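So the structure is just underneath, and the comments pick up after that.
Coordinate-derived values only; no laboratory data. Since the structure is predicted, the reported quantities are computational estimates derived from the model, not experimental observations. Glycine gets a Cβ as well: all are built from the backbone with ideal geometry, and neighbour counts include every protein chain shown.
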Amino acid sequence: MANITVLNSETHRDLGVKTDPSAKYGDAVRFVSVVVSEFGFLTLHYPLFFSKDANTGTFYCGAMLGFDDGENLFLGTDAVADAYRPLNLQRGPFYAAGTELAVDLDHPRLTKSGGQGLFNESGAPTSYLENIMATMRELTAGAAATNAFIDVLMTAKLIEPIELDIAFDDGTRRDVVGLYTISQDTLAALPDQMIVELFRRGHLKLIYLMIASLKQVNVLAQRKNRALLDAR
């Protein structure tokens with residue numbers, strides 16, 4: 001159960017944050033929500049898809065990190081240092097509380113011994129905390145831009161379901177459902193005027209980045225295949 005409270009330079013002066021990517025710190029997730037401002041970094045490492053919020057049924061964008069529930073194939077490997085880390089993992093124990101920054105006091109990343117400090121001796125934010133605040137601002141602005149992007153795609157009927165059925169060398173298969181992608185057939189059939197409008201609004205670039213990211217499915221499958229064989 002989260003224990004979220006607004007961050008305070010007096011009350012939380014001694015808190016630190018462990019920033020290492022780790023399953024024990026909550027990074028063991030198969031799919032993480034992302035915003036459009038990250039797409040240029042994300043497509044170098046992860047497949048990007050749409051999914052639906054389990055509570056509201058609305059679409060959101062996400063990066064796929066694994067095939068099984070609770071699986072992040074970018075943990076515990078040499079590739080971690082080179083892979084861009086999605087903002088929603090970078091933000092760690094922090095949340096937006098209106099215009100203020102909040103923290104989950106029960107989050108496993110928090111520590112009173114070591115880690116990245118939040119405030120200096122005068123109570124001013126450390127460079128780490130300033131980076132977190134910048135991250136939260138990007139996520140807030142990015143959420144609005146991402147929702148606008150999704151609305152345009154839905155109006156143009158450019159979102160379609162995709163099912164991933166992948167066989168691995170240990171004899172097992174993974175059938176991943178509940179994901180959606182860009183309909184390339186619908187995109188090719190759009191009138192020129194709509195294509196121009198997508199381009200001018202910056203959405204065409206995002207569309208092609210999502211399409212390009214699909215090549216990362218095979219790369220992710222190879223990473224999963226090695227993990228399965230190593231576990232035998």
statement: Helix-only [θ] at 222 nm, the chain, -39500 (n - 2.57) per DSSP H run of 4+, per residue, nearest 500, equals -10000 deg cm²/dmol
Eligible aspartates and glutamates near residue 18 by straight Cα distance, threshold 14 Å, same-chain separation 8 or greater: 27, 104, 106
task: Run the dipole for the chain about the Cα centre, Lys and Arg Cβ at +1, Asp and Glu Cβ at -1, nothing else charged, and hand back the magnitude in debye, nearest 20.
output: 180
message: Taking the 0 to 90 degree range and rounding to the nearest ten, how far is the long axis of helix 216-230 tilted relative to the main principal axis of the chain, both from C-alpha atoms?
response: 60
- prompt: Within straight cross-link reach of residue 205, meaning Cα distance under 28 Å, which lysines are found once same-chain residues fewer than 8 apart are removed?
  reply: 52, 157, 215
message: Once you place label points 7 Å from the Cα toward the Cβ at residue 96 and residue 53, how far apart are they in nm?
response: 1.2
- prompt: Residue separation times 0.36 nm, minus the C-alpha to C-alpha distance between residue 9 and residue 133: what's the value?
  reply: 43.2 nm
task: Just report the Cα centroid separation between region 154-232 and region 106-130, whole Å.
output: 38
- prompt: How fast does region 4-230 diffuse by Stokes-Einstein, in µm²/s, taking the Kirkwood radius from C-alpha pairs at 25 °C and 0.890 mPa s?
  reply: 127
query: Once phi is turned into θ = phi - 60°, what whole-Hz ³J(HN,Hα) does the Karplus curve with 6.51, -1.76 and 1.60 give for every residue of region 145-156, x standing for Gly and Pro?
result: 5, 5, 5, 5, 4, 5, 4, 5, 5, 5, 4, 8
task: Using the charge dipole of region 4-230 (Lys, Arg: +1 at Cβ; Asp, Glu: -1 at Cβ; taken about the Cα centre), state which of 40, 73, 83 has its Cα farthest towards the positive end.
output: 40
message: For residue 201, project a label point 7 Å along Cα to C-beta. Then give me every residue of region 31-49 with its amide nitrogen under 17 Å of that point.
response: 36-37
- prompt: For the residues 49, 74, what sequence is obtained by ranking on other C-beta atoms within 10 Å, fewest first?
  reply: 74, 49
Amide H partners (placed H, <5 Å) of residue 27, local residues excluded: 22
